[in-house]
Amino acid sequence: MYRFSVLIGAGLLALSTGAALAADALPQPARVFSERNAGAAAAVKLAALRYAAFWNTGDPRYAELALAPDFIDRTLPEGRQQGTAGPLQASRTFRAAVPDLKVEVTDMVLAADRVALRLHFTGHFSGRFGDVEGKGQTVDFQAFDLYRVRDGRIAENWHLEDNLTLLKQLGALK
């Protein structure tokens, strides 16, 4: 039933955008842990998977569906805009450096209106990051996100990325 609910939600995602967003673009978590029944957790899970699909594809329509209009990044990096504009800009910048960026949802924990994710990012640095030009080197790092979901959309986000590993892989740090 739960998987069916997510598939129905994914189908509605495509219909609600006016343009087809592939339901199979929603990453499927390797492991899901939930204190709630599948039906009660479906909207929280769908919001998180839409946001993961945004990072996985770079398609801003997923972010617009996943994030509440008054979305707040509680661990906002210096120089990033608050609200939906922040992740959209971050994705464009990072995809310019790593055009084949992919994200895997390794673990998902659902509790009440919260969802915690352990994410695994991979790709190849074949673009540009600041003053550093990529040479096709592998990018492979982890991140942790915690979302508060309200009315089926992410209202707040707390996140930690392994930026030390990432910057070393990009050659921005020795």
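The values are calculated or read from the model by the stated rules, or taken from the named source; none is laboratory data. Everything numeric here is computed off the predicted structure, so don't read it as measured data. With ideal geometry, Cβ positions are generated from the backbone for all residues, glycine too; neighbour counts draw on all protein chains shown.
Here are the numbers:
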item: Of all residues in segment 52-101 being touching a residue at least 60 places away in the same chain (Cβ under 8 Å) and in contact with a helix residue (DSSP H, G or I) (Cβ under 8 Å, 6 or more places away or on another chain), the one that is nearest to Leu146 (Cα to Cα); result: Asp73
item: Residue in segment 152-165 that is of a type in the set (S, T, N, Q), modelled with pLDDT of 95 or more and farther than 23 Å from Tyr51 by Cβ present; result: no
item: Matching residues, segment 102-140, being within 29 Å of Asp151 (Cα to Cα) and free of Cβ contacts under 8 Å to residues at least 60 places away in the same chain; result: Lys102, Ala116, Arg118, His120
item: Scan of segment 159-174 for residues that are in contact with a Phe, Trp or Tyr (Cβ under 6 Å, 6 or more places away or on another chain) and either of a type in the set (Ser, Thr, Tyr) or surrounded by fewer than 14 Cβ atoms within 10 Å (Cβ to Cβ) (or both), ordered by number; result: Leu160, Thr165
